[in-house]
Amino acid sequence: MHVVFWTTNDCNLNCSYCYNRIGNNIKKEYMTKEVADAAIDMLTKLDCWETADEIAVQFHGGEPLMNCDIIEYIMERFEALVPASKLYYGMTTNGTLYDERRKKIINKINELSLSLDGKAEIHDLNRKFINGKGSFEQVMATAKDISNKKDVRLRMTVTRDTIGDLCDTVCYFLEEGFRRIIPVLDMYDSHWKDEDEPIIFEQFRKIKEYIEEKEYGDAVISYVTESEFVRKAKCTGGVESFHFLPDGSIYPCSLTVGDSDWYLGNVSTGLDKAKVEELQMINNKDTSSCTGCEMYHYCASSRCKLINKKITGDYYTASSIACLCSRLEYEFA
């Protein structure tokens, strides 16, 4: 079971590629204990609560650490209900809020992702405080302190503007002592073009060559060393995977949050089972544009029809950038 609590949609940064940036007029909300209780009570009544091998609880935002009260409360609730051996915490944070209280929360997170896009000139291009100041210096200090105590994943959002610096950026992080680096191509960057594909592949090839040359055997880099080209499982959104928003709204995954077409109900009223069945029906149909492709059963576009809909406007027309990501996995598997 995978459960994501959006502790707040508020954030102390104003990143240029974020849905939640200043000017988008999104109401700032913080999850309450009442909403968290209702969500957890709903989960405990599902069949998969008893059968799940693992209960993965993730904290998301906005910046999740702007609502420490609810993170601590949710942890307390789950720890009273789930054996420690089955409980797994995850969180993605921007790394700018790092006091003693937040350090205690971070110490309990099993998989911590910290958003760091590159060197100062790259990171600060998009990830700025509300006053316009870049956040690199503060985030890097946080990352280094955390890495002295536990593993931390550096999550890099890669846009068309920064793809040409990808290899240099990853090499920089490796030289700074980080070993878990997750470059993520921004699928919603509308500026990607077909001619970018050879540049993307070349950047990842250079990373692989650098790792081999420097003998960084412990490095974990998505697509390069962490490439597992395996058959994709079916979407479990609304069945074993849930996203709870601060107001109690329920969505199947992060792609759908805020999309009225995929609103699955509210913790106060319960799941809309008809919507869940509709989602399963859509995901069970073939992606017609990909029929015959040797990677069909291994590709995100054939598994997740919602990626296709979000990017191409059609559930069964593959997203070219999602397709490219799958081909990267194939190249380095």
(message) Tell me whether the stretch 16-25 contains one or more residues that are under 20 Å from SER249 (Cβ atoms), at pLDDT 95 or above and surrounded by 14 or more Cβ atoms within 10 Å (Cβ to Cβ).
(response) no
(message) Just to be sure before I move on: is LYS133 under 22 Å from ASN14 (Cα atoms) and charged (D, E, K, R) in the structure I sent?
(response) yes
(message) Need pairs with beta-carbon distance below 8 Å; first residue closer than 22 Å to ARG101 by Cβ and within the stretch 130-142, second of a type in the set (Phe, Trp, Tyr) and assigned to a strand (DSSP E or B); sequence gap 6+ or separate chains.
(response) SER135/PHE129
(request) Give the stretch 57-110 a look and list any residue that's of a type in the set (A, V, I, L, M, F, W, C) and part of a strand (DSSP E or B), or say none. (result) VAL57, PHE59, LEU87, MET91
(request) Please enumerate the residues belonging to the stretch 143-177 that are of a type in the set (Gly, Ala, Ser) and outside any loop (DSSP other than H, G, I, E, B). (result) ALA143, SER147, GLY164
(message) Six or more apart or on different chains, Cβ atoms under 6 Å: show the pairs whose first residue is in the stretch 205-224 and surrounded by fewer than 20 Cβ atoms within 10 Å (Cβ to Cβ) and whose second is assigned to a helix (DSSP H, G or I) and not basic (Lys, Arg).
(response) LYS206/CYS167; TYR210/CYS171; TYR216/LEU174
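Conditions tested, residue by residue: (1) touching a residue at least 12 places away in the same chain (Cβ under 8 Å); (2) surrounded by fewer than 18 Cβ atoms within 10 Å (Cβ to Cβ); (3) hydroxyl-bearing (Ser, Thr, Tyr).
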{"position": "ASN9", "(1), (2), (3)": "yes, no, no"}
{"position": "GLU76", "(1), (2), (3)": "no, yes, no"}
{"position": "PRO83", "(1), (2), (3)": "no, yes, no"}
{"position": "THR93", "(1), (2), (3)": "yes, no, yes"}
(message) Checking CYS293 against (1) in a helix (DSSP H, G or I); (2) assigned by TED's automatic domain parsing to the domain that holds ASP314; (3) surrounded by 13 or more Cβ atoms within 10 Å (Cβ to Cβ), only one condition comes out false. Which one?
(response) (1)
(request) Spot the failing condition for ASP286; the list is (1) of a type in the set (D, E, K, R); (2) assigned to a loop (DSSP other than H, G, I, E, B); (3) modelled with pLDDT of 95 or more, and only one is missed. (result) (3)
(request) Scan the stretch 287-300 and report the pairs whose first residue is under 18 Å from GLY313 (Cα atoms) and whose second residue is assigned to a loop (DSSP other than H, G, I, E, B) and not hydrophobic (A, V, I, L, M, F, W, C), with Cβ atoms within less than 6 Å and a gap of 6+ or a chain change. (result) THR287/TYR316; SER288/TYR316; SER289/THR317
(message) Just the residues that are touching a Gly at 6+ places or on another chain (Cβ under 8 Å) and either buried (at least 18 other Cβ atoms within 10 Å of the Cβ) or part of a loop (DSSP other than H, G, I, E, B) (or both), please, taken from the stretch 111-124.
(response) LEU112, SER113, LEU114, SER115, LEU116, HIS123, ASP124
(request) Keeping to the stretch 301-315, report how many residues are over 18 Å from ARG231 (Cα atoms) and of a type in the set (D, E, K, R). (result) 3
(request) Tell me which residues, restricted to the stretch 207-253, are part of a loop (DSSP other than H, G, I, E, B), closer than 22 Å to SER147 by Cβ and either of a type in the set (A, V, I, L, M, F, W, C) or at pLDDT 90 or above (or both). (result) GLU215, TYR216, GLY217, ASP218, ALA219, SER222, VAL224
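The values are calculated or read from the model by the stated rules, or taken from the named source; none is laboratory data. On a predicted model such as this, the values are computed, not experimentally measured, just so you know. When we count neighbours, we look across all protein chains shown, and the Cβ atoms used for this are built from the backbone with ideal geometry, even at glycine.
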